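The values are calculated or read from the model by the stated rules, or taken from the named source; none is laboratory data. Computed from a predicted model, the values in this text were never measured in an experiment. Glycine also receives a Cβ, built like all others from the backbone with ideal geometry; neighbour counts cover every protein chain displayed. We work out accessible area using only protein heavy atoms, side chains counted, and drop any ligands, DNA or RNA first. Shrake-Rupley method; radii C 1.70, N 1.55, O 1.52, S 1.80 Å.
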Amino acid sequence: MQNSSISVPEIEIELICVDRPVLAANKPGGLLTEAPLGIASLVSDVKAYLKRIHDKPGNVYLGIPHRLDRPVSGVILFATNSKGAARLSEEFEQRRVIKSYQVCVEGAVEPGEGQWVDWLLKREGTAHVDVVPAGTAKAKEARLSYRVVKVDDGMSLLDINLETGRMHQIRVQCAARGHAVIGDVQYGSTRDLIGPVSDDPRDRPIALHANAIQFRHPVRYDTVTVEAPLPAYWPLPIA
């Protein structure tokens, strides 16, 4: 395994694992994971990097077994061949991948650890999710476990392990308990995150970070853990 920070013209990629066919990057908050041609995304940056280092005249292959929301930072896995991509996708589908997050939220979260279980429903025609009563048509159960790491200045820093992978899950479950993610105005945050500045609110990060992911290597079949350091601008760093 190899850790590195890669620079290519007009592209800055923080690679945190190069272990063929697995490639992992630390996605900046505010950057799309994947987007149509001509729109900035992590996928287009990684493909440009691969194209350059392999000196390929045509398209390059990049498997994308999972994604992170645009305002979320942290580790994302890719595969550089189709067999690796299929095996990683199977790991995610069978819920054998362990995903850990760190999140900074408004208020003091109590108790200090526990499990949150909700039913989530995506609003028709929007990119917004609501907590709804159990049994609501088309709603999906969402489960996570959390532990409070630090409380300071009216904020709590949590370690979170996802037990399900629903759209906007951590953001919605935190907000439903009165603890919106710092900077997440979509779900009611009243505090700004002092991070990269952009005129477009969609480009602004929130204080939610995918800090670690554990999976079975698609070739060797051993267990691999990849970690991504917190952004420097976070309001409550771990210390």
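Counting 0.36 nm for each residue step from ILE53 to ALA35 and taking away their Cα separation leaves a gain of 4.3 nm. Toward the positive end of the charge dipole of segment 47-133, with +1 on the Cβ of Lys and Arg and -1 on the Cβ of Asp and Glu, the farthest Cα among ALA48, TYR101, ILE76 is that of ALA48. Near ALA180, the amide H atoms lying under 5 Å from its own belong to GLU106; only residues 5 or more places off or on other chains count, and H is placed 1.01 Å from N.
With all protein chains in place and a 1.4 Å probe, the accessible surface of the chain carries 50 percent carbon and sulfur. Take each peptide in 133-140, 109-116, count the other Cβ atoms within 10 Å of every residue, and average; sorted highest first, the result is 109-116, 133-140.
Per-residue 3J(HN,Hα) values for segment 207-212, derived from phi via the Karplus relation 6.51 cos²θ - 1.76 cosθ + 1.60 with θ = phi - 60°, read 8, 10, 9, 7, 8, 7 Hz in sequence order (x marks Gly and Pro). When the pairs LYS99/LYS150; LYS56/LYS83; LYS83/LYS140; LYS27/LYS56; LYS47/LYS140; LYS47/LYS99 are compared against a 27 Å limit on Cα-Cα distance, LYS83/LYS140; LYS47/LYS140 fall above it.
For a straight C-alpha distance cut-off of 15 angstrom, the aspartates and glutamates reachable from LYS122 (same-chain residues fewer than eight places away being disregarded) are ASP69, ASP130, GLU141. Derived scalar couplings between HN and Hα for segment 126-136 equal 10, 9, 9, 10, 10, 7, 10, x, 4, x, 4 Hz in order, rounded to whole Hz, by the Karplus curve 6.51 cos²θ - 1.76 cosθ + 1.60 (θ = phi - 60°), x for Gly and Pro. A simple packing score, the average count of other Cβ atoms within 10 Å per residue, orders the peptides 178-186, 14-22 as 178-186, 14-22, with the highest score first. Amide H contacts under 5 Å for TRP234: none, restricted to partners 5 or more places along the chain or on a different chain, H placed in the peptide plane at 1.01 Å from N. For segment 134-193, pairs of C-alpha atoms spaced more than 13 angstrom apart make up 67 percent of the total.
What percentage of all Cα-Cα pairs in segment 61-148 are separated by more than 20 Å? Walk me through the numbers on the way to the answer.
Working: 2173 of 3828 pairs.
For segment 61-148, the share of Cα pairs beyond 20 Å comes to 57 percent.
Under 5 Å from the amide H of ILE16 lie the amide H atoms of SER4, ALA24, ALA25, ASN26, each residue being 5 or more positions distant or on a separate chain, with H modelled from the backbone and absent for Pro and chain starts.
Just so you know, the averaged projected area of the alpha carbon convex hull for segment 109-159 sits at 4.6 nm².
Phi-derived couplings, Karplus 6.51 cos²θ - 1.76 cosθ + 1.60 at θ = phi - 60°, listed residue by residue for segment 162-173: 7, 9, 9, x, 9, 4, 6, 4, 4, 4, 6, 5 Hz, with x used for Gly and Pro.
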